[in-house]
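Here the structure comes first, spelled out in structure tokens, and everything after it is commentary.
The values are calculated or read from the model by the stated rules, or taken from the named source; none is laboratory data. Every value quoted in this text rests on a predicted model; they were computed, and no experiment measured them. Quick reminder, even Gly has a Cβ in these numbers, built from the backbone with ideal geometry, and neighbours come from all protein chains shown.
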Amino acid sequence: MSFTVERGDLFGLLGPNGAGKTTMIKILTTLLLPTAGSARVLGFDVRRQARRIRGRVGYVFGGDRGLYDRLSALDNLRYFADLYRVAPRDRRARIDSLLELVELKGRERERVETYSRGMKQRLHIARGLLHDPEILFLDEPTIGLDPLGARELRETIAALHEAGKTILLTTHYMYEADALCERIAVIANGSFVATGTPADLKAVVGDNTIVEIETFGIREETIERLRKIPGVKGVGVETRDQAQVLLVQSAVGADVVRALLNELADVVTGKVVTREPTLEDAYVELVRSA
Amino acid sequence: MIPAILTGVRLHMKQASRNPFDLSGVIVWPILYASIAYYLLDAKNEPRLLLSASLGAAVMLMWSMVVIASSGALEQQRWQGTLELVVAAPTPLTAVIGPICIAGALVGAYAIGATLIWGALLFDVPVRVEQPLAFAVAIPACALAIGMLGLIMAATFVLYRASFHLGIAMQYPVWIVSGLLVPISFLPSFVRPLSWVLAPTWGFRAIQEAALGGTPWPDIGMCLVLSLVYLAIGGSCLIAFEYIARARGSLRLT
């Protein structure tokens, strides 16, 4: 597995659970040692020059852990500012500007245990930026956030990127990766299966049309029959609540909907949608074929 | 590094003071230990022996505070997910873990005073210090040495997930070997060299000699020498154990 992230890039790392995304980030932030191979961050070796890397990178993970809950946000930031050797004369101004950035100004003296998940996540971002790191590692930063909180956090990430920060992001949300990342790598089964811009990855299924059919209680043999319909390039199934949603790839211009519905005559079906492929379709295709 | 140490001590004390369980322990334990000191020895008519037992109980409490503070705090850091973040910081781990131990020792120093006051109020234990200056120096010297011994133990807590249980298990052996429960002369001869390398042995002797009249300064000196030795050993262990924890991936609990 080999990849390079250029300065100023917002690089996305995608992959299913257990693919090794967090392990990769922990190796790059020097929290884990690689069992084989080598990695360099800003030219420094993660195995032998860990301390030189630590002062130059920031690490933020998702969820509400990683903070001293019984202390205030201000105390948390003061402590981490000292741990990251922010000069005492700059500390106050730096903390103030970050509190403004993450919109926690005015709430900084409240105990963290009283914060909502979104506020804690924004505080995490502020903590990760205290020492103005050259690279920011964001490991599923929007996980568990409500839609509004996630959107605000994405705006913060986009603003950091616009300001020139190099960011490595892992996420399970494809629209997030599509909206934020300049380049993306997809990991599956311990190796990269694709690397490129979101447009490059979408091109994997780019000459296809996606037909989404909501079904209830579909059998495997029926899916096999669908795969044999002329013009159908692939069929995937996603479970959404009680429904199994078929994601059928077909060549552009091939009218397969009628044939599909004929084969599904004895299956309870719901909504049928025909659309252009998304990054999620490309991701599913890449991971499946890995 | 100094600001990180000072802020660390202050915030770890602040964090502990906001935990009702920890707070109640700090209030109740001195009473408990004062009672142990009173009933341990049938010395109601021997005021010096009673004071000596009270001081022994107070140093026992200090050791407990350090070992529980360091092991409990590290376990809490794992649960909070902050252990990974403090390891990921450029500040050496000694300057992160050390303040936790020092904060525990400072609470322990308070506990010495509280144990003596409760002993005096509840059981008429005489609190008469022969050498006040030496006594005032002996308590912080003892706290520092015990705090630094806690640093060595804390290094193992970085490595092992069941750190709190290990900390609890380490209380009694050190009490016994350091002569806090029974005089060292009662212990088998092969145990005595172990007593000499343990800070509570010298810390207790320093405080006892200062309170009862004697030569506390060599014992205070031993506390300071041991503090430096413990710091060197603890610092080296932390570097080595951090490396092992990175290789094993054991910094995170979940």
Out of all the residues in the range A:98-114, which are away from chain B (no Cβ under 14 Å), on the phi < 0 side of the Ramachandran plot and either of a type in the set (Lys, Arg) or not in a helix (DSSP H, G or I) (or both)? A:Val102, A:Leu104, A:Lys105, A:Arg107, A:Glu108
Enumeration of residues in the range A:141-168 that are under 18 Å from A:Gly66 (Cα atoms) and touching a Phe, Trp or Tyr at 6+ places or on another chain (Cβ under 9 Å): A:Pro141, A:Thr142, A:Ile143
When every residue in the range A:69-97 that is of a type in the set (A, V, I, L, M, F, W, C) and in a loop (DSSP other than H, G, I, E, B) is compared, the one farthest from A:Arg51 (Cα to Cα) is A:Leu71
Can you pull out the residues in the range A:2-28 that are exposed (fewer than 14 other Cβ atoms within 10 Å of the Cβ) and either in contact with a Cys (Cβ under 9 Å, 6 or more places away or on another chain) or within 29 Å of B:Arg78 (Cβ to Cβ) (or both)? A:Asn17, A:Gly18
Consider A:Leu123 carefully, then state whether it is part of a helix (DSSP H, G or I), more than 14 Å from chain B (Cβ to nearest Cβ) and of a type in the set (A, V, I, L, M, F, W, C). no
Looking only at residues that are within 11 Å of chain A (Cβ to nearest Cβ) and part of a helix (DSSP H, G or I) in the range B:14-34, which one is modelled with the highest pLDDT? B:Lys14
Search result, residues across the range A:143-158 that are of a type in the set (Gly, Ala, Ser), over 16 Å from A:Gly12 (Cα atoms) and part of a helix (DSSP H, G or I): A:Gly149, A:Ala150
Among the residues of the range A:34-68, what is the count of those that are more than 7 Å from every other protein chain (Cβ to nearest Cβ), surrounded by fewer than 19 Cβ atoms within 10 Å (Cβ to Cβ) and not basic (Lys, Arg)? 12
Flag if A:Leu136 is within 15 Å of the chain's Cα centre (by Cα), without any contact (Cβ under 8 Å) to a residue 60 or more places away in the chain and surrounded by 16 or more Cβ atoms within 10 Å (Cβ to Cβ): no
Just for helices (runs of 4 or more DSSP H) wholly inside the range A:176-273: which have at least 1 residues that are within 30 Å of A:Gly149 (Cβ to Cβ) and free of Cβ contacts under 8 Å to residues at least 60 places away in the same chain? A:198-202
For A:Ile167, all conditions in the list (1) at pLDDT below 90; (2) assigned to a strand (DSSP E or B) hold save one; what is the number of the exception? (1)
Please list, ordered by first then second residue, the pairs with beta carbon atoms under 8 Å, 6 or more apart or interchain, first in the range B:159-179 and at positive phi, second part of a helix (DSSP H, G or I) and crowded, with 20+ Cβ neighbours inside 10 Å. B:Gly179/B:Gly56; B:Gly179/B:Thr201; B:Gly179/B:Phe204
List every residue pair whose Cβ atoms sit under 9 Å apart, with the two residues 6 or more apart in sequence or on different chains, where the first one lies in the range A:36-50 and is over 17 Å from B:Pro90 (Cβ atoms) and the second, anywhere, is part of a loop (DSSP other than H, G, I, E, B). A:Gly37/A:Met1; A:Gly37/A:Ser2; A:Ser38/A:Val46; A:Ser38/A:Arg47; A:Ala39/A:Val46; A:Ala39/A:Arg47; A:Arg40/A:Val46; A:Arg40/A:Gln49
Qualifying residues in the range B:74-116 (those that are of a type in the set (S, T, N, Q) and part of a helix (DSSP H, G or I)) - the one surrounded by the most Cβ atoms within 10 Å (Cβ to Cβ): B:Thr115
Quick one: would you say B:Val9 is away from chain A (no Cβ under 14 Å), touching a helix residue (DSSP H, G or I) at 6+ places or on another chain (Cβ under 8 Å) and modelled with pLDDT of 75 or more? no
Take the conditions buried (at least 19 other Cβ atoms within 10 Å of the Cβ) and more than 30 Å from A:Gly12 (Cβ to Cβ) and apply them to A:Val256. Does it pass? yes
Determine if the range B:103-111 includes at least one residue that is within 14 Å of another protein chain (Cβ to nearest Cβ), closer than 14 Å to B:Val67 by Cα and either out of contact with any strand residue (DSSP E or B) (no Cβ under 6 Å at 6 or more places or on another chain) or among the small types (Gly, Ala, Ser) (or both). yes
Identify all residues within the range B:204-234 that are surrounded by fewer than 23 Cβ atoms within 10 Å (Cβ to Cβ) and either of a type in the set (D, E, K, R) or within 14 Å of chain A (Cβ to nearest Cβ) (or both); write none if there are none. B:Glu209
Filter result for the condition that a residue is within 10 Å of another protein chain (Cβ to nearest Cβ) and within 20 Å of B:Ser227 (Cα to Cα), over B:Val59, B:Val87, B:Val96, B:Val66: B:Val96
Single match in B:Ala154, B:Ala145 (criterion: surrounded by 24 or more Cβ atoms within 10 Å (Cβ to Cβ), at pLDDT below 85 and in a helix (DSSP H, G or I)): B:Ala154
Taking B:Val67, is it hydrophobic (A, V, I, L, M, F, W, C), in a helix (DSSP H, G or I), at pLDDT 85 or above and farther than 28 Å from A:Val60 by Cβ? no
From A:Leu31, A:Leu74, residue being within 13 Å of chain B (Cβ to nearest Cβ), surrounded by fewer than 21 Cβ atoms within 10 Å (Cβ to Cβ) and in contact (Cβ under 8 Å) with a residue 24 or more places away in the chain: A:Leu74
